[in-house]
Amino acid sequence: MKKLNTIYFQDRRRFIKGISIAVGATAFGLPFASLSACQTGNKEGASEAEQSAQNKKLGIALVGLGEYSSSQLAPALQETQNCYLAGIVTGTPSKAATWKKKYNIPDKNIYNYKTIDQIRENPDIDIIYIVLPNGMHAEYTIKAAETGKHVICEKPMATSVEDCKRMIDACNRNNVKLSIGYRLHFEPHHQRVMELGQQQVYGAVRKIEASDSFVIPENLGNWRLDKKLAGGGPLMDLGIYCVQGAIYTLGQTPTAVTVKFGKVTKPKLFDEVEETINWQMEFPTGALADCRSSYNKQGNRLYANAEKGWWELQPSFSYSGIEGRTSDGPMNIKNVNQQARQMDDFAACILENKETRVPGEMGLRDVKILMAIYEAARTGKKVDIN
Ligand code: NAD
């Protein structure tokens, strides 16, 4: 049995690696019209190899067992069809013990930040998912790529454009796929918004309004308020969803940004990162997006006004409970497990040798825009985005 398992894993590993070599040679086009990207589930007319690939479950190792891993990703991995929670990487032995028991993770699949390189030798793990503070994404994505495993990195991809490029280079060099944890590309209300906007169902979009904000607890020693670990304030953490929402509503990237910082009401708390930021993005068709993110208010909305109607998601960026309406009435779309769909889709892309709809290049594009927004804030001038 042991021998059989070894052969199975070796073959499986070669199979998955073979796929990634083929993918590594392919240039990524940036899929704005995300609807045409990699699909999950059995398809009619799929080849035998595709069907057989679809029957395998890939092993995911989560790196960083904080709030998002614990409350969203690990539970979602109990519902996935194409992948499962195979391993963990944590610097906290007590978390390792709890997770081992809760999710039945064998000792050989438990790593810490010093032993993460050894995942290279572990055939159970096919994908490494980086769920660490933003300022650590580049270092650990590069380490993960160098083990020869495929990588998912949480948003924002990194805290600088240079780091994003290094991450993409490392994944290309190691022939592995890189995807960003943009869960909303797999969420049906947001997919409807892409359709309404990009297919001009109500005519051309003129105006977008987006806000994503929450009140950060004051007594929490939080990396989100540390410039080095977070890269910035609510813009990096939440505003990225407004940037994404505007881009996929229109199917275009912004050409210029202007910014107004909001009032600072808690200077002690926000001595390194912004408390509130308001920015406007201009798009090639003349459409404008007014956006806002704050760590001192509530906000959770994506709205678009087009020539012949409007639509709105509110709440918009939550893990569940998203509600949508158009100028014709409620959208009546069911909520889904976004993270399960996102991870299943990436596993399917690996198994079926397809490109992810949320590649590193999209993460890089967004970090360039975030940096342009900060530049506009610093200079007080309009900043062009090329
Ligand atoms: P968190 O603070 O709850 O967890 C961070 C984890 O990193 C902890 O396990 C902590 O122990 C570990 N860590 C390792 N080194 C650390 C260091 N030097 N300082 C601080 N923590 C360190 O954070 P989170 O909310 O889980 O966020 C983690 C990542 O996930 C971030 O990049 C965040 O943007 C992203 N995230 C994404 C979503 C989403 O909807 N896609 C939601 C929440 C968080």
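The values are calculated or read from the model by the stated rules, or taken from the named source; none is laboratory data. In this text the structure is predicted, and so the values were computed from the model without any measurement. Backbone-built Cβ (ideal geometry, glycine too); neighbour counts: all protein chains shown. Surface accessibility is based on the protein's heavy atoms, side chains included, excluding ligands, DNA and RNA. Shrake-Rupley method; radii C 1.70, N 1.55, O 1.52, S 1.80 Å.
State, to one decimal in nm, how far the label point of VAL161 lies from the label point of LYS334, with both points 7 Å from Cα in the Cβ direction.
4.4 nm
Using only Cα positions of segment 110-169, each an equal point scatterer, no hydration layer, compute I(q)/I(0) via Debye at q = 0.12, 0.13, 0.26 Å⁻¹ and quote the log10 values to two decimals.
Once normalised to I(0) and log-transformed, intensities are -0.26, -0.30, -1.09.
Does anyone have the angle between helix 338-351 and the longest principal axis of the chain? Alpha-carbon axes, 0 to 90°, nearest 10?
Tilt of helix 338-351: around 50 degrees.
Rg to Rh for segment 60-195: what is it, with Cα atoms only and Rh by Kirkwood?
My calculation puts Rg/Rh at 0.97.
What share of Cα pairs, in percent, lie more than 22 angstrom apart in segment 182-327?
Of the Cα pairs, 39 percent sit more than 22 Å apart.
With unit charges on the beta carbon (Lys/Arg positive, Asp/Glu negative), name the residue among ALA76, ALA138, TYR113 whose Cα is farthest towards the positive pole of the charge dipole of the chain.
Comparing the listed Cα positions along the dipole, TYR113 ranks first.
Where a Cα-Cα gap under 18 Å defines reach, which aspartates and glutamates qualify for LYS268, not counting those fewer than 8 residues away within the same chain?
Qualifying aspartates and glutamates at Cα under 18 Å: GLU218, ASP226.
Starting from one equal scatterer on each C-alpha and no solvent at all, send me the Debye-based log10 I(q)/I(0) for segment 195-237 at q = 0.16, 0.20, 0.21, 0.22 Å⁻¹, two decimals.
Log10 I(q)/I(0), no solvent term: -0.60, -0.70, -0.73, -0.76.
Under a 10 Å cutoff between Cα atoms, tell me which one of ASP271, ASP212, ASP117 has the largest fluctuation in the Gaussian network model of the chain.
The residue with the greatest mean-square fluctuation here is ASP271.
If you look at just the Cα atoms of the chain, how large are its Rg and its Dmax in Å?
When restricted to Cα atoms, the chain yields Rg and Dmax of 20.9, 67 Å.
Would you work out the charge dipole size for the chain about its Cα centre, treating the Cβ of every Lys and Arg as +1 and the Cβ of every Asp and Glu as -1, and quote it to the nearest 20 debye?
Using Cβ point charges on Lys, Arg, Asp and Glu, the chain gives about 660 debye.
Under a 1.4 Å probe, what is the accessible area of the chain per residue, stated in Å²?
43 Å²
Cross-link candidates for LYS102: which lysines have Cα within less than 28 Å, leaving aside residues fewer than 8 places away along the same chain?
LYS102 reaches LYS2, LYS56, LYS57, LYS114, LYS143, LYS149, LYS155.
When only the heavy atoms of the protein chains count and the probe is 1.4 Å, how do ILE333, ILE277 rank by accessible area, highest first?
From most exposed to least exposed: ILE333, ILE277.
Round to the nearest 10 and give me the degree value, 0 to 90, for the angle of helix 93-103's Cα axis relative to the longest principal axis of the chain.
80 degrees
How big is the charge dipole of segment 264-303 about its Cα centre, in debye rounded to the nearest 20, if each Lys and Arg gets +1 on its Cβ and each Asp and Glu gets -1 on its Cβ?
Magnitude of the dipole: close to 240 debye.
Translational D (Stokes-Einstein, µm²/s) of segment 281-386 at 20 °C and 1.002 mPa s when Rh comes from the Kirkwood sum over C-alpha pairs?
Stokes-Einstein gives a translational diffusion coefficient of 125 µm²/s.
Where the accessible area of segment 164-212 is counted over protein heavy atoms with a 1.4 Å probe, how much of it, in %, is carbon and sulfur?
Taking all protein chains in place, segment 164-212 shows 37 percent carbon and sulfur surface.
Specify which residue in the list TRP223, THR379, THR92 is farthest towards the positive end of the charge dipole of the chain, using unit charges on the beta carbon of Lys, Arg (+1) and Asp, Glu (-1), about the Cα centre.
Value: THR92.
Once each part is reduced to its C-alpha centroid, what is the distance from segment 169-215 to segment 287-360 in angstrom?
A separation of 7 Å, based on Cα centres.
So how much slack lies between SER71 and THR98, counting 0.36 nm per residue of separation and subtracting their Cα-Cα distance, in nm?
Roughly 8.3 nm would be gained on extension.
Evaluate the charge dipole of segment 281-337 about its Cα centre and quote only its size in Debye, nearest 20, assuming +1 on the Cβ of each Lys and Arg and -1 on the Cβ of each Asp and Glu.
In total the dipole reaches around 220 debye.
Label-point separation (nm) for LYS207 and SER320, each offset 7 Å from Cα along Cα-to-Cβ?
About 3.5 nm, to one decimal.
Between ARG378 and VAL264, what is the label-to-label distance in nm when each label sits 7 Å out along the Cα-to-Cβ direction?
1.6 nm
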